[in-house]
Amino acid sequence: MRKYFNKNHLLGSLFFLIPLIFLIELYFFPLFSIFRSAFRYLADEITINWSNIGHVFWFTFWQAIISTILTLIAGFPTAWIFSRFNFPGKKIFNALFTIPFILPTVVTAAAFNALLGPKGFINMIWMSVSGSSSPIVQVMNTIWIILLAHVFYNTSVVLRVIGNSWTQIDSKLEDAAKTLGASPLKVFSRVVLPQLKPSILSACLLIFLFDFTSYGVVFLLGGPKFRTIEVEIYYQALQMLNLPLAGILSIFQIIITIAVTLIDKRLSHIILLNRAPKIFGENLRKPELRWEKIVVFIILGLQFIFLISPILALFLRSMYVFPSESSRTTIASGWTTVYYQQLFVNARNSIFFVPPIKAILNSLSIAIAASGISLIISLFIVVGENRFPWTGKLESIFMIPIGTSAVTLGLGYLLYFGRDIQKIWLIPLAHSLIALPFVIRSIKPAIFNIPNSLRQSASILGASPVQVFLKIDFPIIFRGLINGFIFAFTISLGEFGATSFITRPDRPTIPIAIYRFLGQPGLMNYGQAMAMASILMTFCLTMIVIVDQKE
Amino acid sequence: MLKLSSVCYQYDEKPLLNGINLSVGEHEIICLLGPSGSGKSTILRLIAGLEKPQSGEIQWNEYDLSEVPAHKRNFGLMFQDYALFPHHNVYENIAFGLKMQKLSKTAIHERVELCLKQVGMLSFAERKITELSGGEQQRVALARAIAPQPRLIMLDEPLGALDHTLRQTLLEELRSILGENGIPAIYVTHDQEEAFVLADKIALLNHGIITQYGVPDTVYRNPESLWTANFFGLNNILQGEDTGENSVRVSFPSAEYVFPLPLHISSKKGQVIHIFFQDGDFSQDSCENTYCLKGRVNQNIFRGYEYEIKVLIEEQKEFTFHSYKSCPVNQMLKIGYHIQDLHFFL
């Protein structure tokens, strides 16, 4: 008996050993390199430009605050109508409004460019209609586009977090307040708002964190003038070659992230006992009065326009050449697929050494590799954790990478892997690490729903552990595995932050390609950026639809 | 004085209230009695201004309320599940209406203390709502509704969620509190016992209209329809046929009874007529000035305060009687009824 126990013990350890090594090599060691480099820098007392750091810090801070406030204002009316009214197409709207949140930052950047950029739809239409040659909307490389993009991204957090909480507030309380003499305004301020406070705070903290650690949007849409901490890390590391300073900034970022997370945990302890309505959906009703219908229509319409028009603009821009553009090149005006076709061509003065289509193939193969690795590692973790009681809490350490930004990770790889940075296996491994927490989350519920008795009965009937796994566990968690794979795939496809640190010029990924195209003048480059971004967006949307099918 | 005239209301395009006529005078407690789903709560919500009727008028002292929003009507409403504000404590809940009236802090304090005393919850002022039991919540809800001294108070099945003993106690308390404050009240329930204890007048709601209205005693003893009799659980009812000669024949295998049909019932020969037999005297042996039904005692159940005696009339229909005296099972009885004890309906 003892022998059997020891063998299982060893088997259990093996299950965890590989993921642990993975985590240490790809996360902790790079992280420590950052710390080491930064402390060495401080110890050598090289003069640090603290005022510059302070400036960056301050900018990151106030743009995050303003973005959060604007997001709250923008999303609040929509949260209200979703929580109090039933209207046709509600489910579809709900899904549509979540799309911005899951789009990769490069896609968002390209989309906003396609709508509001100097060559974007609004400007092009204005110029052809009014005949002027200067664009009317000049928000690119200003703070406004950054704020706009942040609101675009995070509105769905307001809808989900605050909207959910609002549906829980019994409308009978509002009725009671009315009979006690409260005007509609007082009903809101004295009955509804106090009960919404926890969720409002929670949403704000989350959005603040997202905006504080914002990288892609600021980098791509704001341009070099605007430096959040993440963007500054990039510039210090890759342009100023001041890795230690980048390290110090990383540490600051980590501290702030931990602090905000802790505050959020503290706040969620303050539980306000809301009465859940007895029947789900009891608070919902069709808008009856005329003003109600008008208001719902307007709010829904505005929200739709705001959240969907950039996406539409991206698609359309990638397939349309304006007459003013066509006159300067050899491309005919009107609807066209020329940009997509050009992706297959290895143009002589291209910024890549290979046809851009190669970037798509690169991304796909990296994504498949990354998802596969992620999946296997998570399976090891979850299987090991489930069988051997002493491994229970270990899973939480695999969740830690969520707390550090992709940029920090990229910097860590730069410092730790040194010359190996250009090795082909690094990007897939990096992506699989970034995706790991999400894959674990996808698989975990599925695997824990399998009662042990099922496995035990299979064992008694003579099945070996491997057979038990294949015949019992696997079929049941299959759906979770698919979802996990798709999650990791989507994350890898759109990953920009870490990849921008470890990319090779001859092996671009889709996001890198889009970034390069956007940075170059010329219609063809612009069009190809739009085309690639549309392709990436289509991939992501398809993936999400597949995952949602199971719901 | 509240008056509803021909109030109609539809829910989800289905008619719910089909012409409600109701009035509540000063110091009156009116009970709206009816089965679940009959629209009782809706009537309260219409009066409170939380919903708008499709047609009809709601007037207070002859003044039309249709343009007056809910928060200006000053009608108190006590909800079925109390609807206490979870983010306020007991004191703040009760003070809410007073704050809306912009009273001074001292005035609010006085009034809240008074109301707490009335409901017997003086020591509970600082308590959180979540720490209260059902009965305590109900009392706070009542205090909150009466605190702003509304011109009318409406109570929507306030005792529904409580257990039997608690219900009894609170019922009596309610009666005295409502009486003390002198505010006219509409009390909604499906429980007839509550209605009988509290109401000055009962209004029976069925199929969207008030089918009967009056003092509890009269309504109970003179049901005007079969539905009403069934609702009250009165089952001393026999079914007969219009003979066409101003009388009703009730046939049994072993015997036949003929009762004179009152003039106000309009029916044709052959029409089914129901007769409700009220009270009934089975202490006498002769049937001279009375109509007698013959039956055999089937069950004799001791209830503590009285005996419940079930008698099989002509071995066919079971009647229920209450008596101080016990009647041994299988004893043959003759039950006598005066003509005014017989109630006829279609």
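Bear in mind these aren't lab numbers, they're just calculated from the coordinates by the rules spelled out. The structure presented is a predicted model; accordingly, all values stated were derived computationally and were not measured. Don't worry about glycine lacking a Cβ; one is built from the backbone with ideal geometry, like all the others, and counts go over all protein chains shown.
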Likely footprinting exposure, A:SER492, B:SER5, B:SER66, A:SER453, fewest C-beta neighbours within 10 Å first: A:SER453, B:SER66, B:SER5, A:SER492
Rounded to the nearest 20 debye, dipole of the protein assembly as shown from Cβ charges on Lys, Arg, Asp, Glu: 4020
Quarter of Cα convex hull surface for the protein assembly as shown, i.e. mean projection, nm²: 58.0
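Order these by the 10 Å Cβ neighbour count, fewest first: B:CYS287, B:CYS115.
B:CYS287, B:CYS115
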Cysteines (scope chain B) whose Cβ has no counterpart Cys Cβ under 4.7 Å: B:CYS8, B:CYS31, B:CYS115, B:CYS327
Amide proton proximity set for B:ASN298, modelled H, under 5 Å, gap of 5+: B:LYS310, B:VAL311, B:LEU312, B:ASN330
Tilt relative to chain B, helix B:164-181 - C-alpha long axis, 0 to 90 degrees, to 10: 60
Ranked B:PHE321, A:PHE297, A:PHE35, criterion: other C-beta atoms within 10 Å, fewest first: A:PHE297, A:PHE35, B:PHE321
Tilt relative to chain B, helix B:105-118 - C-alpha long axis, 0 to 90 degrees, to 10: 30
Under 5 Å, built H, 5+ apart or other chain: amide partners of B:ILE209: B:ASN18
Rounded if a/c under 1.5, otherwise prolate or oblate - the range B:31-159, Cα gyration tensor axes: oblate
Cα centroid separation - the range B:111-131 against the range B:331-345, whole Å: 52
Neighbour cut-off at most 14 other Cβ (10 Å), DSSP loop, trypsin sites (Lys or Arg not before Pro), the range B:58-135: B:LYS102
Three-way shape call for the range B:91-231 based on the alpha-carbon gyration tensor, with the a/c threshold at 1.5: prolate
Members of B:LYS201/B:LYS317; A:LYS178/B:LYS117; A:LYS197/B:LYS99; B:LYS99/B:LYS128; B:LYS3/B:LYS117 lying beyond 29 Å, as alpha-carbon distances in this model show: B:LYS201/B:LYS317; B:LYS3/B:LYS117
Of the DSSP H helices in chain A, those whose Cα atoms cover at least 18 Å axially and whose Kyte score averages 0.5 or more: A:2-23, A:29-43, A:50-84, A:90-102, A:143-157, A:193-212, A:243-267, A:290-317, A:357-387, A:426-448, A:474-494, A:523-549
Separation of the B:LEU114 and A:LEU364 label points, Cα + 7 Å toward Cβ, nm: 8.2
Crossing angle, helix B:90-100 versus chain B [Cα axis fit, 0-90 degrees, rounded to tens]: 80
Globularity ratio of the range B:188-346, using Cα Rg and 2.2 N^0.38 Å: 1.10
Taking the C-alpha atoms of the range A:454-551, convex hull volume expressed per residue in Å³: 133
Stretchable slack from A:GLN138 to A:VAL354, in nm (0.36 nm times residue separation minus alpha-carbon distance): 74.4 nm
Other-chain or far-sequence residues with amide H under 5 Å of B:CYS31's (modelled H): B:TYR187, B:ASP200, B:LYS201, B:ILE202, B:ALA203
